Every structure is written in structure tokens, then in C-alpha cells.
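Everything on this sheet refers to the single structure shown next.
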Amino acid sequence: MEFVISHLAKSYGGHKVLTDVDYSFSEGRIYGLLGRNGAGKTTLFNCLNGDIDFDKGKYFFREDGAEREVESDDIGYVLSTPTVPGFLTGREFLRFFMDIHSDRIRDKKSPEEYLKYMHISEDTWDRLMKDYSHGTKNKMQMLINIIAGPKLILLDEPLTSLDVVVAEEMKDIFRSQKEGRVLIFSTHLLDIALDLCDEIILLNHGCLEPVEKANLGNEDFKKKVIEALKDADDT
Amino acid sequence: MRTIPNSLRIILSLRNTININGILYGFRRIPIIGRLISDRIYGVPVVKGLTMIFSVLTEIFKAVCGKLLLFVILFFFSGGVCSFFERPQKIGFLAGFLLLSWISAYFQLFFYPRTETTYAVLHMGMDAKDYVRALMFYKVILVFACNILFGVPAALLAGVDWYAVLLLPFSGVGFIMMRLGMQMLVYKWRADSRRKRGKSMEKLSIEGNVIVSLLILFALFFGGPFAIVAAIAYDAYWAVLLLLALGVPAGLLGLSLIRRFPERLYRTAIVSEKAIRDEIQIRNKNYGKKKTSFAINEAKGDTTGAKGYRLLDSLFMKRHASVLWGRTLLFGIGTALMIALASVYLYFELREFAQPSQSTLRWLFSRHPGLFTMLLFMINTGDNVMYTMYTNCDTTLLSYSFYRKPEALRTMFGLRLVDVFKLNLPPAILLAGFGVVTLALTGGEDYALQYLFTVLEILIALVYFSARGVVRFYLLQPYSGAEKIKNLFTGFLSFLLFIVCTVLLVSGISAVKLTIAGFIFVPVYLLIAGKLVYSLSPKVFKNR
């Protein structure tokens, strides 16, 4: 299975944010979408998630050579600022979500098992989510997004402002979730992208550009990426 | 330094441009059609021309029709009260005019930082003195002209003596200038005092102290009507005339005070007002956010065994009970107070009239049952409920794709429709109860079914008004974060509905016909609304 974005463009008034996004993402991989602040990473995710309309282009799944339209259930979107309904407890939110997705959830577990899997401590399960810490909210959001098994998970800087322990837990969860899916992880931090992602793509001049991954971890490679980002910013 | 007419031309032109852009923005927010309108519409000359005509007509309508309506109401109201006290109408008319002039003078906010004020004075560098004086000139001309056009004929019809009629245009203007002059005088004193003490003049309001302003408003709105009734009851025509005549020297004094207001303080006053309003706006915004967050209580989870969206809705209602039902309680108390006052009136009517069927309340309820529809229109905005639903629930859940599915939105729409109906029900029950009891006490009806139709009319109107709020919420999604987006299109729809309710009220359509019409219209409306929500809301019900 592949997730394909074909010639997607988006502008706000006269300002072109995405000029020609054209890329294929393969199943079972984590893609690091790298770009400086304001490069259009969130705009791209919002277009893919159907939050905003785009001017032209399309995106679809390619399965056994055939194109398939992306449905809303195919996408999980984890925002940098976690959004969970504050008036529900973690257990209630999970129960509600499992109720409405009962036909889609394969390998169904109990809410408690899911909460444990996400390392959410037991004493918070029955507390209102408005009182959750940033990290716990983030885990809840992630849990909701993976539980129904979407084919594509968009992660918009999800590790920003998480403490080291939670960030490491989340990274492990991302790695464990990549099987059978495409994970696109946006960040402006090169080190995180290098640590977590199988492939790195730059959002440069409103287009996606693959970065040679053979030299992952190499200092020269880092410099190359930084140069590319600088170039994107200068233009 | 610009002349007054030139400044006025710039101000009106700015106001017009803001109105035009507001109207075009309103068009772009119309579901489906709005999406087809390009953002380049703001530059299309034909569209701009047509919108400008509409905008100018609206300005004229607001300026002229408001005054006309005021004089019509004053004429009939003074006639009614004076005939009750068996006094000549001219006393009531003049006393009413005096009160309205004072109220109108009090609400002339020449330093209020409107959008055009910000552009003209703060961005374009227009002289603040020119700006305020041009606004004052515009208002004075408008009040003077309207008083001549509508006030003079109405006064003559009410039997006011010719010499008193001549006073009307001048007094109306005089009180406005007096109020502004006094404002400026007090502001100058306070500014000088601050400067002497070396204190900053930032946030020194020309509108004065809030408590004093509230006391004056309280006196005008509550004491004023009593003073009018007392003047009529005691036949104080000459006293009223004297007060009216005082408007002329008061105006001259005001003009002299305005001329002596230091030029440097004009801009200071506007900037201070802007700083104060900005701070209030930020405080309200933060308060709104906090209020909705604190509104969540720790109520126990669902015990009914509800599942899926029912569970979500049930928990939402349960955990927001105080903020949602609190509003209902407030409306309930308001309705109960209104009913208590009407009951006292009914008691006196029943004592006064030999035939209870002569009661005015009975006449209103039986001959103009559209009154109930109008009252429900006024109390069932549903804004508070929708705001809480959006800020505390939808704004988070809309980031999940499952919540934006047509089935999900339609299910939540249905559940919320029932919720809003329940929340609106208590005041409506009070209203229906009072209506039926009044009809029964004042002689019953020709047939008992009339009572039933009065109740049914209220209930069906309630279903419509409850649904209207929810439909508007799902199709126009009027919020951005914790803020409500101003939308002229929504305002226009509400205005249309107000017109329909007024027609129903004035036309004297019977409760039976109104109920039958309601039973035909409301189900069709609900059906269409449900279909529209299903097909359109996935596209338009989004976080902005």
C-alpha cells in the first residue's frame, strides 16, 4: 500500500504556501517532514485531514496498483497541542470512541488495556481530561488516533514540549505503530527526525523533496539538510 | 486642518467601506454559495456599487426610520397614558420627548473607538478634534432634521402648542451639546488633576465613572417613566415646557464648553477609550474561556447505560448543568417576574372592568396570540448553549475525523435539538400557563380547544426556535476559538425572522391558524434542516 499526494497546491489569497506537493509514501515507514516554522507543514496536514480546502491536486491510496479514495476513517491526526474533550474522563472518552468504532476495531481490547499500553497511570483514568498534564493529553490523543487502525497517521510536531520520559515513550509507540501504516511526522527539529524517522523529506518552496537517507546520522548530512532549510527560508 | 464637511466626508466614506466589506464578507459566509464567491469580490466595481447602495440605504434606514418609529410610539403611548389619566395628550408627548432626548443625548458616544475611528484617527492621522466635531455636526444635523420632519407633525397632532413645537428641534440638539460639553469639562478637570499629581492619563475615560453612569442610566430608564406618569397625573404641562425650554440655553452652554476643550485632549480621550475597550475585550475573552472551563463539574459518569454519541451528549449535559440550566433558570426567573407584573395588572383590570372580557391582556392573548411567538423569539437565542457546546466539546472533537462524518453530525444535531428544547421548555411552560389562566379568568373561551391551541402554539414555536439555533450553529458555525464571529448574514436572517414575528403579532392571526401553520411548517423545516445538516455540515462545520 502506498499513500500518494499528487500535485497538491494551496494558497491563501496571493500567497502560495504549497505550490506542487507530489510524493509517494510507502507502508510501514515513518516519514520525517522537515521544514522551518511557517514552511507549510501544518497547512499540508490540514489539507490531507480535510480541515481546509486545497486549490488543486489530489491524494489517494494505491493498493495493488489500484487507486482508492482516502476516507476520513483512514486518517489519524495528532496535533502538536493535544485536543481532548475536557469534560470526559480518559476512560469515558475511550469508551465513547470504542462504542462508535465497534465495527472497525480489530483485535479489540478493554479500555483499561489500551490505557496501560499508552503508559497512562491508573489514577488518572477516572479524572476529567481538562486536568490532565500536557503529556497525558498527548497520549490520549495518540491512543484515540491509533485505536481504530487508520492507514495514515499525521503527527504534527507531537513531541514538542513533552518531557524526555514521555517523549521517549511516545517515540516507542510511533515505532510500534508503523506496521501496515504510513506515519508522517512533521517537525522542525532535525535531531528528532533523524532519531525517529526512516525517511526524511523537506518541505521546500512549497514542494516535497526527498533527502538522501543513506547518510543518516552523518554530520555532513546534517549540514546538508540545514543548508537546504536555510535555502528554503531565504527564498 | 481639515474642515468639518471634509472630515465628515472621510468618516462617512470609511464607515461605508467598512459596511460594504462587512456585507461582502457576510455573503462569503453563506453556506455553499459563499464558497463559490472569490475573495476578489471586494474589488469588483459592479458588486461594490450595488453593495454601496445597499449600505447607504441601510444607514439612512437606521438614522431616519429609528426616529420615525420613536415618534410613532411616543404619539400612541402618550395618547394611551393621557387618556387613562384623562389629561390632554400634549403633556404626555412633551414629557416623553424630554425623556427620549435625555436618553438619546446620553448615548451619543463621540469618543467611542469604532472601527472607523481607529482607521481615521489612529491610522490615517486625521485630527481628533476634526473627527469629533464632524461626528457631532452630523448628529446635530440628523437630530434637528428628524425632529422637524417627524417630531413637529407628531407634536402638532398630539395637540402641543405651536410655541412648544418650535422648541423641539432646538431642545433635542441642545441636550446633546450640553451632555458633550459637560463630559468635556469633567474630563478636562480630571486630566488637569492627574497631570498636576504627575499621574498618567492612560485609561482615563471621558465616559466617566462606571457607577455614576449606571446610576444615571438607572434613573433615566426606571425613574424617567415614573416622572412622566407623575407629570401627566399632576398636569405639570408648564414644568415640562420649562425643562424643554432649558434645552436651548443648555445647548449654548454646551457649545461654549466644547469650544473651550483643549485640542490636545481630543486625541488623548480617543486613545484612552480605545485602550479601555481593548482591555475589556481581552478580559472578556479570557473570562469567557475560563468561564466555560470552570463550568465543567465533577458529576458522576453516566448511569443510564447510554452508548456512543448518546453517552457523549448525556455526559456533556450532566457536566455542564450549572452553566446550561443556570441560564434557563435566569430566563425562568425573568419570565416569572414578567408574569408577576402582568398578574398585578390583570388583578387591577379585573377589579376595574365590569366585564372581565374587557381586559387588555385577554385582548392581547386572544386577538394577538403572535405575542407568544414574539416573546419566544426574544428569549430563545440558544447562543449560550451553542457557545458552551462549541468551546467545551466541538472545538476539540472536530480535530478527529470521526466527529466530522455526516452520520455523526446528524446524530449530534438531533440530540442537541432535544437538549436545547428541554432547556427552553421551563420559561415556555410558564408563559403557556399564564396565557391559559388569563384567558380562563377573563371569561373563558367560546370553546375549550382554544386553551389547547394556545399551549400547542407555544410548544410548536418553541420547537422551531430551539431548532433554529441548532441549525444556525451547524450550518454557519459562528465561532472562531472562544470568540463569536460577527456575521451580517446571520444578523440579516434574524432581522427577517423578527419581521415575520412582528407581522404575526400585529396581524391578529388566531391561535388555531397559527398552530396549524406551525404544525405544517415546523416538520418541513426540521426535515429540510436535517437533510442540510447531513449534506452540508461536514463541509462547513469546522474549526476556524
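The values are calculated or read from the model by the stated rules, or taken from the named source; none is laboratory data. Here the structure is a predicted model, which means the values were calculated and not measured. Every residue, glycine among them, receives a Cβ derived from its backbone with ideal geometry; neighbour counts consider all protein chains shown. SASA here: full protein model, heavy atoms, side chains in, ligands and nucleic acids out. Shrake-Rupley method; radii C 1.70, N 1.55, O 1.52, S 1.80 Å.
Before moving on, here are some points about what is shown:
- Residue list for the stretch B:406-422, restricted to those being out of contact with any Asp or Glu (no Cβ under 8 Å at 6 or more places or on another chain) and either closer than 20 Å to residue B:307 by Cβ or modelled with pLDDT under 90 (or both): B:406, B:407, B:408, B:409, B:410, B:411, B:413, B:414, B:417, B:418
- Checklist (1) of a type in the set (Phe, Trp, Tyr); (2) at pLDDT below 90; (3) surrounded by 14 or more Cβ atoms within 10 Å (Cβ to Cβ) applied to residue B:84, failing item: (3)
- Residue count for the stretch B:184-206, restricted to those that are open to solvent by less than 50 Å² (accessible area, probe 1.4 Å) and in a loop (DSSP other than H, G, I, E, B): 4
- Residue list for the stretch B:376-405, filter: of a type in the set (A, V, I, L, M), open to solvent by less than 30 Å² (accessible area, probe 1.4 Å) and either within 25 Å of residue B:505 (Cα to Cα) or under 26 Å from the mean Cα position of the chain (by Cα) (or both): B:376, B:385, B:386, B:389
- Counted residues, the stretch B:102-146 - those being closer than 21 Å to residue B:217 by Cβ, assigned to a loop (DSSP other than H, G, I, E, B) and not hydroxyl-bearing (Ser, Thr, Tyr): 7
- Listed here are the helices (runs of 4 or more DSSP H) enclosed by the stretch B:282-390 that have at least 3 residues being at pLDDT 80 or above, closer than 29 Å to residue B:81 by Cβ and more than 14 Å from chain A (Cβ to nearest Cβ): B:321-352, B:360-367, B:370-379.
- Only one entry of B:172, B:181 meets the criterion of being modelled with pLDDT of 90 or more and surrounded by 23 or more Cβ atoms within 10 Å (Cβ to Cβ), and that entry is B:172.
Quick grid of which residues meet (1) open to solvent by less than 20 Å² (accessible area, probe 1.4 Å); (2) modelled with pLDDT of 85 or more; (3) at the interface with another protein chain (Cβ under 9 Å from one of its Cβ atoms); (4) in a helix (DSSP H, G or I):
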| site | (1), (2), (3), (4) |
| --- | --- |
| A:94 | yes, yes, no, yes |
| A:99 | no, yes, yes, yes |
| A:107 | no, no, no, no |
| A:113 | no, yes, no, yes |
| A:144 | yes, yes, yes, yes |
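- Filter pass, residue B:427 being assigned by TED's automatic domain parsing to the domain that holds residue B:480 and within 18 Å of residue B:341 (Cβ to Cβ): yes
- With respect to (1) open to solvent by 40 Å² or more (accessible area, probe 1.4 Å); (2) in a helix (DSSP H, G or I), the lone exception for residue B:154 is condition (1).
Yes or no, residue by residue, for (1) of a type outside the set (Gly, Ala, Ser); (2) open to solvent by less than 40 Å² (accessible area, probe 1.4 Å); (3) in contact with a Ser or Thr (Cβ under 8 Å, 6 or more places away or on another chain):
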residue: B:476; (1), (2), (3): yes, yes, yes
residue: B:493; (1), (2), (3): yes, no, no
residue: B:512; (1), (2), (3): yes, yes, no
residue: B:515; (1), (2), (3): yes, yes, no
residue: B:537; (1), (2), (3): no, yes, no
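Residue by residue, here is whether (1) surrounded by fewer than 21 Cβ atoms within 10 Å (Cβ to Cβ); (2) modelled with pLDDT under 85; (3) in contact with a strand residue (DSSP E or B) (Cβ under 7 Å, 6 or more places away or on another chain); (4) not β-branched (Val, Ile, Thr) holds:
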site: A:45; (1), (2), (3), (4): no, no, yes, yes
site: A:53; (1), (2), (3), (4): yes, yes, no, yes
site: A:58; (1), (2), (3), (4): yes, no, yes, yes
site: A:73; (1), (2), (3), (4): yes, yes, no, yes
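- Given (1) within 14 Å of chain B (Cβ to nearest Cβ); (2) in a helix (DSSP H, G or I); (3) within 23 Å of the chain's Cα centre (by Cα), index of the condition residue A:85 fails: (2)
- Residue identified as outside any strand (DSSP E or B), more than 14 Å from every other protein chain (Cβ to nearest Cβ) and of a type in the set (S, T, N, Q) among A:46, A:37: A:37
- Residues in the stretch A:157-174 that are touching a strand residue (DSSP E or B) at 6+ places or on another chain (Cβ under 7 Å) and more than 17 Å from residue A:132 (Cβ to Cβ): A:157, A:174.
- Within the stretch B:406-454, being of a type in the set (D, E, K, R) and either open to solvent by less than 50 Å² (accessible area, probe 1.4 Å) or farther than 26 Å from residue B:324 by Cα (or both) holds for B:416, B:419, B:445, B:446.
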